[in-house]
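A short worksheet on the structure shown next.
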Amino acid sequence: MTIEIRGPLELPAQREDVELTTADGLTLVGELALPETAEPVATLVTLHPLPTAGGFMDSHILRKAAARLPALADLAVLRFNTRGTTSPRGTSQGAFDGGHSEQFDVAAAMDLVRDRALPRPWLVGWSFGTELALKYGRDHDVEGVILLSPPLHRATDDEVAAWADSDAEIVILVPEFDDYLRPEEARKRFASVPQARLIAVDGGKHLWVGETQTRRVLTEIVAAVNPSALPLPTHWPAVD
């Protein structure tokens, strides 16, 4: 007997509440999810949407990545609240700084990845999180960057173009009906980065609502990071 993998279903994993310490002395709260028995083959460092618009470490795509991908794709998933952000896990110290001091939050997450010797880190940013990835990801040893619904409000053209000199892979998921940046304009804005791979998602919207869109996003993440795990299962053995 199996159960369908959808919605809030949480698959088996080792889950640990973690705290990150920033260079400017703040404590950020988060969670690290690891495969239950296997060693992780890669690590997703997730950067959530805009906290002043309701974004936090539990924003649904990131929560479902942590709930599913340790079991389905042997990935480690780190989620955390940026400064001043609250979720059921708790509140990170400090105050929202519009993407400026958040550079220290990204660095603190990467410090944990290094300290735990977690393999092959990828930044996975969603909306505001893509701005942090673009602005500060080049400061760190990342294998790649995955951008979900990038608005390109805060990352400048120069900051985007600077990635052309990076060895990191760049995967960009742009919804057909995004509220801020749609595929045609996104192609122009990322044209300065030769290695950028832009995926236009038909029918997609900025918030990726619904199981169909969730599965598409998670599939594209795994396709970039651990393609041998595809196709992702849609059912899981039920526990009596």
Determine which member of the set I172, I221 is touching a residue at least 12 places away in the same chain (Cβ under 8 Å), surrounded by 20 or more Cβ atoms within 10 Å (Cβ to Cβ) and in a strand (DSSP E or B). I172
Can you spot a residue in region 79-100 that is under 23 Å from A223 (Cβ atoms), in contact with a Lys or Arg (Cβ under 9 Å, 6 or more places away or on another chain) and in contact (Cβ under 8 Å) with a residue 40 or more places away in the chain? yes
Screening D165, D97, D74 for residues that are among the acidic types (D, E) and within 23 Å of L198 (Cβ to Cβ) leaves only D165
Go through the residues of region 152-168 one by one and say whether even a single one is in a strand (DSSP E or B) and not acidic (D, E). no
When region 126-142 is checked residue by residue, the ones that are in contact (Cβ under 8 Å) with a residue 40 or more places away in the chain and touching an Asp or Glu at 6+ places or on another chain (Cβ under 7 Å) are L132
Those residues of region 190-205 which are under 19 Å from A155 (Cα atoms), in contact (Cβ under 8 Å) with a residue 12 or more places away in the chain and either hydroxyl-bearing (S, T, Y) or surrounded by fewer than 19 Cβ atoms within 10 Å (Cβ to Cβ) (or both) amount to S192, P194, Q195, R197, L198
Looking only at region 183-207, which residues are touching a strand residue (DSSP E or B) at 6+ places or on another chain (Cβ under 7 Å) and part of a loop (DSSP other than H, G, I, E, B)? F190, V193, Q195, G204, K205, H206
Looking only at region 10-30, count every residue that is buried (at least 20 other Cβ atoms within 10 Å of the Cβ) and out of contact with any strand residue (DSSP E or B) (no Cβ under 9 Å at 6 or more places or on another chain) and tell me the total. 0
Restricting the search to region 27-65, which residues are among the aliphatic types (A, V, I, L, M) and over 10 Å from the mean Cα position of the chain (by Cα)? L28, V29, L32, A33, L34, A38, V41, A42, L50, A53
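The numbers here are math on the coordinates, done by the rules we state, and not lab data. Just so it is clear, the model here is predicted, and its values are computed rather than measured. Methodologically, a virtual Cβ is constructed for each residue, glycine included, from the backbone with ideal geometry; neighbour enumeration extends over all protein chains shown.
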